[in-house]
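The values are calculated or read from the model by the stated rules, or taken from the named source; none is laboratory data. What you see is a predicted model; the values in this text were computed from it and never measured. All Cβ positions, even for glycine, are placed from backbone atoms using ideal geometry, and neighbour counts span all protein chains on display. Ligands, DNA and RNA are excluded from the accessible area calculation, which covers all protein heavy atoms including side chains. Shrake-Rupley method; radii C 1.70, N 1.55, O 1.52, S 1.80 Å.
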Amino acid sequence: MAGSLEFIKSTTYSGVSSFSITDCFSAKYDVYKVVADDIVTSTQAFLRLRFINSSGTIISTNDYDFADLFLKADATFTQRIYKSVDDIFDFNLSDGSLSGGAGNTIAEIYNPFDTSYTNLSWEASNIYSSTYGVGLKGVGVLKQSTSITGMHFLTNTGTVTSTIKVYGYK
Amino acid sequence: MPVGQAKVGLLGGVDLGKLELIETQVASNDSFLQFSDIKEDIYNVHLLITDEAKPSTNDHIPNRLRFYESGVLESASVYQSALQFCRADGTFLEINSTAINYINIGIEAGTGTGQTCNSYAYLYNLGDSSKYSFATFHTAARDNGNGNLKSTFGSGVLPQTSTVDGLYLFSAGATTSNIASGTFSLYGIKE
């Protein structure tokens, strides 16, 4: 009997400022789970997300909205609200090469392949300022009526090492 | 069916799916629950589901989480946690700590009808001795004292580079209590 969380693709990148995972969304599934674990950056950096359309183009136009909450163990939480920007900036915040402090993000991507807006939600955990735990919970949307087939990740500074795994909900 | 043939689909492409159940425990007035074979050497990401948990004492949290590190329970105030509390009566709170002796993957529940705690928690890097062990979680519950629907979401971390090879769940408020009931299921997310 087949299970309901089906593995599609896994990609590991090491020491790069950007990378793509192509052909991971299709008509086979409506909802996807993306697991990004062991996120380590060369310096404190955000791991940003853009989507790739069915023509293979990385969408970098100001068509993303997102909102999230940074939950800090040591301080007042921070809300971030962005409309009409060119990426999901806060997919993860990594504190660089802090020993042991590899961050993680789990995201749910809704209906990327059909020609409607692509919505997502995500939660993440990491260390910031070398010492303190931080969680992140967010929602976002790509406001283009277009078919999405992949993802592109990039840092705002420095390089990143991570493994990205994509699953489909059956 | 031979596993090897199944993996390459020679016998109809059997894929058992990548959310693999490791263990389910059903509480019955237990002072604690222990998951001791969490297969941390196989999975880098675990999922712990709490279903309809109730404490033996009203308004206690029936699923506070601690980790075993190489078989030794970590109960010192070395965990960090940050969560957003949301309640249907309009109360929203930020709750955080840099020195706490558990991670709250649940919220207060009660002994009455419908006063249960339900949650999911993702656990990361447990088996990697070079990394800290993180958690993200989301809960929904009703307690006895206030009675309104409430929820929390947040994260926690044991900021120690260690191998976590077991989970410890207990119930407490101002004092400890028992996990009166509830079903707790641990899964691994496999590649």
B:SER151 being facing another protein chain (nearest Cβ under 10 Å) and hydroxyl-bearing (Ser, Thr, Tyr): no
Those residues of the stretch B:91-126 which are assigned to a loop (DSSP other than H, G, I, E, B) and either within 12 Å of chain A (Cβ to nearest Cβ) or under 14 Å from B:PHE137 (Cβ atoms) (or both), in sequence order: B:TYR102, B:ILE105, B:GLY106, B:ILE107, B:ASN125, B:LEU126
Matching residues in the stretch B:34-65 - criterion: being farther than 17 Å from B:GLY173 by Cβ, open to solvent by less than 10 Å² (accessible area, probe 1.4 Å) and either free of Cβ contacts under 8 Å to residues at least 12 places away in the same chain or away from chain A (no Cβ under 14 Å) (or both): B:PHE35, B:ILE38
One residue from A:SER145, A:SER162 being more than 13 Å from the chain's Cα centre (by Cα) and either farther than 16 Å from A:VAL31 by Cβ or touching a residue at least 12 places away in the same chain (Cβ under 8 Å) (or both): A:SER145
Residues that are at the interface with chain A (Cβ under 7 Å from one of its Cβ atoms), within 22 Å of B:GLY188 (Cβ to Cβ) and part of a strand (DSSP E or B), drawn from the stretch B:154-167: B:SER155, B:GLY156, B:VAL157
Given (1) outside any loop (DSSP other than H, G, I, E, B); (2) surrounded by fewer than 19 Cβ atoms within 10 Å (Cβ to Cβ); (3) acidic (Asp, Glu), number of the condition A:ASP90 does not satisfy: (2)
Odd one out for B:TYR68 among (1) surrounded by fewer than 23 Cβ atoms within 10 Å (Cβ to Cβ); (2) touching a residue at least 60 places away in the same chain (Cβ under 8 Å); (3) within 11 Å of chain A (Cβ to nearest Cβ); (4) of a type in the set (Phe, Trp, Tyr): (3)
Checklist (1) within 14 Å of chain A (Cβ to nearest Cβ); (2) of a type outside the set (D, E, K, R); (3) on the phi > 0 side of the Ramachandran plot applied to B:CYS86, failing item: (3)
Complete set of residues in the stretch A:93-110 that are modelled with pLDDT of 95 or more and not aromatic (Phe, Trp, Tyr): A:THR105, A:ILE106, A:ALA107, A:GLU108, A:ILE109
Filter result (away from chain B (no Cβ under 13 Å), within 20 Å of A:ASN111 (Cβ to Cβ), small (Gly, Ala, Ser) and open to solvent by 60 Å² or more (accessible area, probe 1.4 Å)) within the stretch A:1-33: A:ALA27
Residue ID - surrounded by the fewest Cβ atoms within 10 Å (Cβ to Cβ), chosen from residues in the stretch B:153-167 that are under 16 Å from B:ILE100 (Cα atoms) and among the aliphatic types (A, V, I, L, M): B:LEU158
Residue list for the stretch A:62-78, restricted to those being without any contact (Cβ under 8 Å) to a residue 60 or more places away in the chain and either surrounded by 14 or more Cβ atoms within 10 Å (Cβ to Cβ) or more than 18 Å from the chain's Cα centre (by Cα) (or both): A:ASP74, A:ALA75, A:THR76, A:PHE77, A:THR78
Subset of the stretch A:136-162 that is modelled with pLDDT under 95 and within 14 Å of another protein chain (Cβ to nearest Cβ) - its residue that is surrounded by the most Cβ atoms within 10 Å (Cβ to Cβ): A:SER162
Residue satisfying all of: in the stretch B:168-178; assigned to a strand (DSSP E or B) and surrounded by fewer than 24 Cβ atoms within 10 Å (Cβ to Cβ); farthest from the other protein chains (Cβ to nearest Cβ) among these: B:SER177
